[in-house]
Amino acid sequence: MATYNSIGATYADTRRPDPRIAARIHQALGGAATVINVGAGTGSYEPSHTVLAVEPSSVMIAQRPAGSAPALEASAESIPLADDSADAAMALLTVHHWSDLEAGVGELLRIARQRIVIFTFDQDISRRFWLLDEYLPEAAAVDDTRAVAIDRLVTLLGGARIETVPIPHDCADGFLAAFWRRPEAYLDPQVRAGISMFSQISDEVIQPGLARLSDDLSCGSWHQRHADLLDREAFDAGYRLLVADL
(Lines give C-alpha, C1' and ligand atoms only; values in the text may rest on other atoms or scores of the structure.)
Protein backbone atom coordinates (compact mmCIF):
# COMPACT_ATOMS: atom_id res chain seq x y z
CA MET A 1 0.00 0.00 0.00
CA ALA A 2 2.88 2.38 0.75
CA THR A 3 4.00 2.11 -2.87
CA TYR A 4 0.64 3.16 -4.21
CA ASN A 5 0.12 5.87 -1.62
CA SER A 6 3.36 7.42 -2.94
CA ILE A 7 2.89 6.94 -6.70
CA GLY A 8 -0.87 7.28 -6.61
CA ALA A 9 -0.95 11.07 -6.76
CA THR A 10 -0.41 11.13 -10.56
CA TYR A 11 -1.66 7.63 -11.35
CA ALA A 12 -4.92 8.70 -12.96
CA ASP A 13 -2.98 10.96 -15.36
CA THR A 14 -0.42 8.45 -16.61
CA ARG A 15 -2.25 5.15 -16.23
CA ARG A 16 -5.30 5.60 -18.43
CA PRO A 17 -6.87 2.35 -19.68
CA ASP A 18 -5.92 1.34 -23.20
CA PRO A 19 -9.03 0.30 -25.17
CA ARG A 20 -7.29 -2.62 -26.89
CA ILE A 21 -6.12 -4.10 -23.60
CA ALA A 22 -9.56 -3.38 -22.14
CA ALA A 23 -11.15 -5.41 -24.93
CA ARG A 24 -8.91 -8.38 -24.14
CA ILE A 25 -9.70 -8.20 -20.42
CA HIS A 26 -13.44 -7.87 -20.97
CA GLN A 27 -13.37 -10.76 -23.43
CA ALA A 28 -11.53 -12.86 -20.84
CA LEU A 29 -14.27 -12.14 -18.30
CA GLY A 30 -16.68 -13.89 -20.64
CA GLY A 31 -20.32 -13.94 -19.67
CA ALA A 32 -19.82 -12.84 -16.06
CA ALA A 33 -22.73 -10.63 -15.05
CA THR A 34 -21.07 -9.39 -11.86
CA VAL A 35 -17.36 -8.65 -11.33
CA ILE A 36 -15.21 -7.75 -8.33
CA ASN A 37 -11.97 -5.91 -9.10
CA VAL A 38 -9.26 -6.77 -6.57
CA GLY A 39 -6.29 -4.42 -6.30
CA ALA A 40 -8.45 -2.05 -8.28
CA GLY A 41 -6.42 1.15 -8.10
CA THR A 42 -8.18 4.01 -9.85
CA GLY A 43 -10.56 1.68 -11.67
CA SER A 44 -8.85 1.09 -15.00
CA TYR A 45 -10.41 -1.65 -17.11
CA GLU A 46 -13.44 -2.14 -14.88
CA PRO A 47 -16.39 -3.30 -16.99
CA SER A 48 -19.78 -1.70 -16.46
CA HIS A 49 -20.98 -4.72 -14.51
CA THR A 50 -18.32 -4.32 -11.82
CA VAL A 51 -20.15 -4.43 -8.50
CA LEU A 52 -17.25 -3.71 -6.16
CA ALA A 53 -13.62 -2.60 -6.20
CA VAL A 54 -11.21 -3.78 -3.49
CA GLU A 55 -8.21 -1.48 -2.99
CA PRO A 56 -5.96 -0.90 0.05
CA SER A 57 -4.79 2.61 -0.88
CA SER A 58 -7.04 5.54 -0.03
CA VAL A 59 -4.97 7.70 -2.39
CA MET A 60 -5.91 5.45 -5.29
CA ILE A 61 -9.56 5.20 -4.25
CA ALA A 62 -9.81 9.01 -4.15
CA GLN A 63 -8.92 9.14 -7.87
CA ARG A 64 -11.64 6.78 -9.01
CA PRO A 65 -13.90 8.64 -11.46
CA ALA A 66 -17.46 9.56 -10.64
CA GLY A 67 -19.84 6.74 -11.41
CA SER A 68 -17.30 4.00 -10.70
CA ALA A 69 -18.26 0.92 -8.77
CA PRO A 70 -18.17 1.39 -5.00
CA ALA A 71 -14.73 0.80 -3.48
CA LEU A 72 -13.87 -1.14 -0.35
CA GLU A 73 -10.59 -0.19 1.36
CA ALA A 74 -9.16 -3.64 2.01
CA SER A 75 -6.25 -5.85 0.99
CA ALA A 76 -6.38 -8.74 -1.45
CA GLU A 77 -5.20 -11.09 1.28
CA SER A 78 -8.25 -10.49 3.47
CA ILE A 79 -11.41 -9.45 1.66
CA PRO A 80 -14.41 -8.94 3.97
CA LEU A 81 -16.96 -10.44 1.59
CA ALA A 82 -19.03 -13.60 1.61
CA ASP A 83 -18.07 -16.65 -0.42
CA ASP A 84 -19.22 -16.64 -4.05
CA SER A 85 -19.95 -12.91 -3.98
CA ALA A 86 -19.71 -12.38 -7.76
CA ASP A 87 -19.55 -14.31 -11.00
CA ALA A 88 -15.95 -13.25 -11.61
CA ALA A 89 -13.00 -11.69 -9.83
CA MET A 90 -10.24 -9.87 -11.67
CA ALA A 91 -6.81 -8.73 -10.51
CA LEU A 92 -4.88 -6.53 -12.93
CA LEU A 93 -1.15 -5.79 -12.61
CA THR A 94 -1.39 -6.24 -8.86
CA VAL A 95 -0.36 -9.74 -7.75
CA HIS A 96 3.35 -8.84 -7.64
CA HIS A 97 2.54 -6.30 -4.91
CA TRP A 98 0.67 -8.71 -2.65
CA SER A 99 2.41 -9.58 0.62
CA ASP A 100 0.94 -13.11 0.67
CA LEU A 101 0.26 -14.49 -2.79
CA GLU A 102 -1.31 -17.72 -1.59
CA ALA A 103 -3.75 -15.85 0.64
CA GLY A 104 -4.64 -13.41 -2.14
CA VAL A 105 -5.32 -16.09 -4.73
CA GLY A 106 -7.25 -18.02 -2.11
CA GLU A 107 -9.49 -15.00 -1.62
CA LEU A 108 -10.07 -14.71 -5.38
CA LEU A 109 -11.09 -18.36 -5.45
CA ARG A 110 -13.38 -17.83 -2.48
CA ILE A 111 -15.28 -14.76 -3.68
CA ALA A 112 -15.69 -15.76 -7.36
CA ARG A 113 -18.33 -18.23 -8.51
CA GLN A 114 -17.36 -18.83 -12.12
CA ARG A 115 -14.11 -17.24 -13.31
CA ILE A 116 -10.91 -15.48 -12.26
CA VAL A 117 -8.95 -13.21 -14.62
CA ILE A 118 -5.43 -12.08 -13.71
CA PHE A 119 -3.38 -9.65 -15.81
CA THR A 120 0.30 -9.97 -14.96
CA PHE A 121 3.73 -10.37 -16.55
CA ASP A 122 6.12 -13.22 -17.25
CA GLN A 123 9.41 -12.07 -15.75
CA ASP A 124 11.45 -14.46 -17.90
CA ILE A 125 10.33 -12.38 -20.90
CA SER A 126 9.95 -8.98 -19.24
CA ARG A 127 13.51 -8.86 -17.96
CA ARG A 128 14.73 -9.00 -21.58
CA PHE A 129 12.90 -5.76 -22.35
CA TRP A 130 15.53 -3.31 -23.66
CA LEU A 131 15.01 -0.75 -20.88
CA LEU A 132 15.83 -3.28 -18.19
CA ASP A 133 18.36 -5.32 -20.12
CA GLU A 134 20.46 -2.46 -21.49
CA TYR A 135 19.94 0.44 -19.12
CA LEU A 136 18.50 -0.70 -15.80
CA PRO A 137 19.75 -4.23 -15.05
CA GLU A 138 19.72 -3.39 -11.34
CA ALA A 139 16.01 -2.65 -11.64
CA ALA A 140 15.48 -5.99 -13.35
CA ALA A 141 17.11 -7.64 -10.35
CA VAL A 142 14.67 -5.86 -8.04
CA ASP A 143 11.75 -6.94 -10.22
CA ASP A 144 13.01 -10.53 -9.97
CA THR A 145 12.45 -10.41 -6.22
CA ARG A 146 8.80 -9.40 -6.51
CA ALA A 147 7.75 -11.02 -9.79
CA VAL A 148 5.31 -13.92 -9.61
CA ALA A 149 6.08 -16.89 -11.82
CA ILE A 150 3.28 -17.70 -14.24
CA ASP A 151 3.39 -21.43 -13.46
CA ARG A 152 3.07 -20.68 -9.74
CA LEU A 153 -0.08 -18.67 -10.39
CA VAL A 154 -1.51 -21.40 -12.60
CA THR A 155 -0.87 -23.96 -9.85
CA LEU A 156 -2.49 -21.81 -7.17
CA LEU A 157 -5.52 -21.27 -9.40
CA GLY A 158 -5.86 -25.00 -9.98
CA GLY A 159 -5.23 -24.50 -13.69
CA ALA A 160 -5.67 -21.56 -16.05
CA ARG A 161 -5.54 -20.60 -19.69
CA ILE A 162 -2.60 -18.30 -20.52
CA GLU A 163 -3.07 -15.61 -23.17
CA THR A 164 -0.36 -13.34 -24.56
CA VAL A 165 -1.24 -9.62 -24.56
CA PRO A 166 0.95 -7.71 -27.03
CA ILE A 167 1.39 -4.06 -26.12
CA PRO A 168 0.43 -1.54 -28.85
CA HIS A 169 3.04 1.04 -29.81
CA ASP A 170 0.81 3.90 -28.67
CA CYS A 171 -0.46 2.26 -25.50
CA ALA A 172 -2.42 4.74 -23.37
CA ASP A 173 -1.69 2.93 -20.12
CA GLY A 174 1.74 3.98 -18.89
CA PHE A 175 2.93 0.79 -17.20
CA LEU A 176 6.57 -0.25 -17.41
CA ALA A 177 6.85 -1.53 -20.97
CA ALA A 178 4.13 0.67 -22.50
CA PHE A 179 6.72 2.98 -24.06
CA TRP A 180 8.75 0.29 -25.82
CA ARG A 181 8.65 2.34 -29.08
CA ARG A 182 8.70 5.74 -27.33
CA PRO A 183 11.94 5.57 -25.34
CA GLU A 184 12.09 9.29 -24.61
CA ALA A 185 9.06 8.85 -22.34
CA TYR A 186 11.23 7.15 -19.72
CA LEU A 187 13.15 10.42 -19.29
CA ASP A 188 9.94 12.15 -18.15
CA PRO A 189 9.66 12.22 -14.34
CA GLN A 190 5.86 12.26 -14.51
CA VAL A 191 5.82 9.08 -16.59
CA ARG A 192 8.22 7.40 -14.18
CA ALA A 193 6.08 8.55 -11.23
CA GLY A 194 3.28 6.29 -12.45
CA ILE A 195 5.48 3.18 -12.71
CA SER A 196 5.89 1.33 -9.43
CA MET A 197 9.36 0.00 -10.23
CA PHE A 198 10.81 3.51 -10.24
CA SER A 199 9.35 4.25 -6.82
CA GLN A 200 11.09 1.23 -5.33
CA ILE A 201 14.61 1.91 -6.55
CA SER A 202 16.77 4.85 -5.52
CA ASP A 203 17.71 7.61 -7.95
CA GLU A 204 21.35 6.70 -7.42
CA VAL A 205 20.65 3.40 -9.13
CA ILE A 206 18.26 4.71 -11.79
CA GLN A 207 19.88 7.93 -12.95
CA PRO A 208 23.08 6.51 -14.53
CA GLY A 209 21.02 4.23 -16.75
CA LEU A 210 18.66 7.04 -17.71
CA ALA A 211 21.66 9.25 -18.52
CA ARG A 212 22.95 6.54 -20.88
CA LEU A 213 19.53 6.31 -22.49
CA SER A 214 19.44 10.09 -22.97
CA ASP A 215 22.88 10.01 -24.60
CA ASP A 216 21.91 7.11 -26.87
CA LEU A 217 18.76 8.92 -27.98
CA SER A 218 20.69 12.11 -28.66
CA CYS A 219 23.33 10.42 -30.81
CA GLY A 220 20.91 8.05 -32.52
CA SER A 221 22.47 4.82 -31.31
CA TRP A 222 19.25 3.65 -29.63
CA HIS A 223 17.37 4.00 -32.92
CA GLN A 224 20.10 2.17 -34.80
CA ARG A 225 20.21 -0.67 -32.29
CA HIS A 226 16.42 -1.02 -32.16
CA ALA A 227 15.52 -0.25 -35.76
CA ASP A 228 13.49 -3.46 -35.84
CA LEU A 229 11.03 -1.97 -33.33
CA LEU A 230 10.33 1.27 -35.12
CA ASP A 231 7.80 -0.09 -37.62
CA ARG A 232 6.15 -2.60 -35.32
CA GLU A 233 2.57 -2.03 -34.25
CA ALA A 234 2.73 -4.20 -31.14
CA PHE A 235 5.34 -5.91 -28.97
CA ASP A 236 5.35 -8.91 -26.65
CA ALA A 237 6.92 -7.57 -23.45
CA GLY A 238 5.77 -10.54 -21.39
CA TYR A 239 2.30 -9.38 -20.34
CA ARG A 240 -0.12 -12.25 -19.86
CA LEU A 241 -3.78 -12.89 -19.05
CA LEU A 242 -4.55 -15.91 -16.91
CA VAL A 243 -8.13 -17.13 -17.15
CA ALA A 244 -9.34 -19.75 -14.68
CA ASP A 245 -12.78 -21.33 -14.82
CA LEU A 246 -14.09 -22.51 -11.48
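The values are calculated or read from the model by the stated rules, or taken from the named source; none is laboratory data. Given the structure is predicted, the values throughout are model-derived calculations rather than measurements. Glycine gets a Cβ as well: all are built from the backbone with ideal geometry, and neighbour counts include every protein chain shown. When the accessible area is computed, the model is the full protein with side chains, heavy atoms only, and any ligands, DNA or RNA have been set aside. Shrake-Rupley method; radii C 1.70, N 1.55, O 1.52, S 1.80 Å.
Taking the 1.4 Å solvent-accessible surface of the chain as the whole, the part contributed by carbon and sulfur is 51%. Whole-Hz Karplus values for region 50-63 come out as 6, 9, 7, 10, 10, 8, x, 9, 5, 4, 5, 4, 5, 9 Hz, taken residue by residue from phi with 6.51 cos²θ - 1.76 cosθ + 1.60 and θ = phi - 60°; glycine and proline positions read x.
For Cα extents along the principal axes in Å, computed directly from the structure shown, the correct entry in [x] 58, 33, 31; [y] 51, 43, 32; [z] 59, 48, 37 is [x]. Run through the DSSP bridge list for the chain and note the antiparallel percent, rounded to the nearest 5. So the antiparallel bridges amount to about 50 percent of the total. In this structure region 1-152 gives 41 Å² per residue of accessible area when probed at 1.4 Å with all protein chains present. For Arg127, Arg16, the ranking by accessible surface with the largest value first comes to Arg16, Arg127, using a 1.4 Å probe. With an a/c value of 1.5 or above and a/b larger than b/c for the gyration tensor axes a ≥ b ≥ c computed over the alpha-carbon atoms, region 72-163 is described as prolate.
Near the amide H of Asp236, within less than 5 Å, lie the amide hydrogens of Ile167, all on another chain or at least 5 residues away, with H placed in the peptide plane. The per residue volume of the convex hull around the alpha-carbon atoms of region 172-240 is 103 Å³. Think of region 1-147 as having a plus end and a minus end, set by charges on the Cβ of Lys, Arg, Asp and Glu; of Ala62, Ala32, Ala147, Ala32 sits farthest toward the positive end of this dipole.
Listed values for region 220-234 are Karplus-derived 3J(HN,Hα) couplings in whole Hz (6.51 cos²θ - 1.76 cosθ + 1.60, θ = phi - 60°), namely x, 6, 4, 5, 5, 5, 10, 4, 5, 7, 5, 9, 7, 8, 8, and x replaces Gly and Pro. Could you compute the FRET efficiency for Arg225 and Arg113, with r as their C-beta to C-beta distance and R0 at 45 Å, rounded to 0.05? That gives a FRET efficiency of 0.35.
The label-point distance for Ala23 and Arg146, in a model that sets each label 7 Å from Cα toward Cβ, rounds to 3.1 nm.
What's the Kirkwood radius of region 7-119 in Å, using all Cα pairs? Result for region 7-119 stands at 13.9 Å. Taking the square roots of five times each eigenvalue of the Cα gyration tensor of region 118-213, the equivalent ellipsoid has semi-axes of 25, 16, 11 Å, listed largest first.
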